[in-house]
1. Where in segment 147-200 are the strands (runs of 3 or more DSSP E), entirely inside, with at least 1 residues that are in contact (Cβ under 8 Å) with a residue 60 or more places away in the chain and out of contact with any Pro (no Cβ under 6 Å at 6 or more places or on another chain)?
2. Six or more apart or on different chains, Cβ atoms under 8 Å: show the pairs whose first residue is in segment 336-355 and without any contact (Cβ under 8 Å) to a residue 12 or more places away in the chain and whose second is of a type in the set (D, E).
3. Among what's in segment 56-96 and is in a loop (DSSP other than H, G, I, E, B) and among the aliphatic types (A, V, I, L, M), pick the residue that is surrounded by the most Cβ atoms within 10 Å (Cβ to Cβ).
4. Could you pull out every one of the strands (runs of 3 or more DSSP E) wholly within segment 201-262 that has 1 or more residues that are closer than 17 Å to A167 by Cα and of a type outside the set (S, T, Y)?
5. For segment 165-185, what are the residues that are more than 22 Å from the chain's Cα centre (by Cα) and surrounded by 16 or more Cβ atoms within 10 Å (Cβ to Cβ)?
6. Based on this model, can you work out whether S291 counts as in a helix (DSSP H, G or I) and small (G, A, S)?
7. So, in segment 9-26, exactly how many residues are part of a strand (DSSP E or B) and under 18 Å from the mean Cα position of the chain (by Cα)?
8. Can you find a residue that is of a type outside the set (S, T, N, Q) and within 24 Å of V75 (Cβ to Cβ) anywhere in segment 262-277?
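The values are calculated or read from the model by the stated rules, or taken from the named source; none is laboratory data. On a predicted model such as this, the values are computed, not experimentally measured, just so you know. Glycine gets a Cβ as well: all are built from the backbone with ideal geometry, and neighbour counts include every protein chain shown.
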Amino acid sequence: MDTSTIKAQGISVSLDLTVGHISDMVVDADGRRLKPLHRAPWLDEPRETLPRDLPEGTVRLSGDFLCAPFSRSDVEEAPLHGWPANSAWDVVESAATADGWRATFQLRRKVMGASVYKILSLRDGHPFLYQEHVFSGGSGAISVAHHPMTAMKNGGRLAFSPKRFAATPELPLEPDPTRGRFMFAYPARAADLTRFPAADGGVVDLTSYRMDHQREDFLTLVEADHSGPGWTAIAREAEDDLVLVLKNPAELPVTMLWFSNGGRDYAPWNGRHRGVLGIEDGRTALGHAASLGDNWLKREGLATAFDLAEGQSLSFRHVIGTVPLSGGEPPRDIATSQGRMRLGFTDGSARDIPFDTDFLRLGESIAR
C-alpha cells in the first residue's frame, strides 16, 4: 500500500494514496493510543480472493474518504462514490508547520472537469484531523460527502447537534433476505431520534448502537437551524473513548448514518463487517443525478450539490477527533470558542479540549 503519513504532537494520520482513504489515525492521550477509525476486515487479504467487480474503494475500505458524487455515479462515468474514493492521489506538498503539519494531495483524475485537492492539517496537542477539499474549475454541479467510519466491539451511545428529523429512503440497502437484513422501516421519518419506526412495527432508538441486531441500515439526519457546528459524538463502550465528527451545516447540511453490523451475507462482507457506523456528512441526495434534479431534500430547502465553473474554486471543511472517555455517555452539547471545544454532559460536568475554532468558518455565507 502506498501511504503518506503526517504527524504532530499527540496525533498521526496516514492516507492510502491508491484510493484516497485515511488508512490510520492515532491519537495519544492520557497514556493511551486511541484509534477512532475503521478498517475493513478484508484489507489484508489477497485481491484475487475478493470479487473481481468490487470497486477499489470497497477493496481498500478504511477510515474516511471523499465521495464525489455520493452513492451512484450516474452523470459522469465512475465507480460508486466517484473517483476520489476509488483512484490515486499524489502528494503535492507535505511539511511540518510552526504548530503541527500540513499536507496537500491532488486527485490524478478530474471530476466533472474539476481538479480536486485534499488538504490535511494537524495541530500540536489537538486530538483532531482538520480536512479541507477544494474543487478548482470544472462545469456542471457535484454532490459531495465525507465518509468517516468508526467501529465498536460492544456498541456505544450516540449524540448529535440539533436535527429537524431523520428519514430513511424508499428502499433498504439489503431488501433481499437471501443476501442480508435490515431493521428500520423504509421509507419512514421521525423528529424524535429515540423513537424511529422499525420494520417490525416497533421503534428504534437511534442514539444507541446495539450489537445484538445484525443489520445494514441507512438514514439521513437533516440539520436544524442553530449557530454552532454540526456534530456527531459516539461514546464507544468497549473502547472507552469518544469519537467526534464536526462540520459546517451551511456547507454540508445533512448527516447520513450507515449502520453496518453483520447485515450482509455475500462476499466480501460475509457477515463479518460488524459494529461499524458511517457518519457521512454531505451536500447530496442519493446519487449524482438525483442530487442535481428535483429531490426530497431540495423540497425541504436544502442544497444537494455545489456548482462548478471554470476559473472558480469551491471548498468545504470537516473535522474528525477522539478523546478518552469513561462512563459511556456522549456529551449533551458541544460549543466552540476562543481556541477551545467545550463538551457539556447531562450530569452538569464539562470538559475543554484544544480546537481550532476558526477552521469550520461558521457564520460565513456559502455560495449555493
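1. Details: elements: 149-151, 156-160, 163-168, 188-190.
Passing ranges, in order: 149-151, 156-160, 163-168.
2. Every condition considered, the pairs that remain are R342/D352.
3. So the residue we want is A68.
4. 215-223, 254-261
5. G180, R181, A185, listed by residue number.
6. yes
7. So the answer is 10.
8. Checked segment 262-277: no residue is of a type outside the set (S, T, N, Q) and within 24 Å of V75 (Cβ to Cβ).
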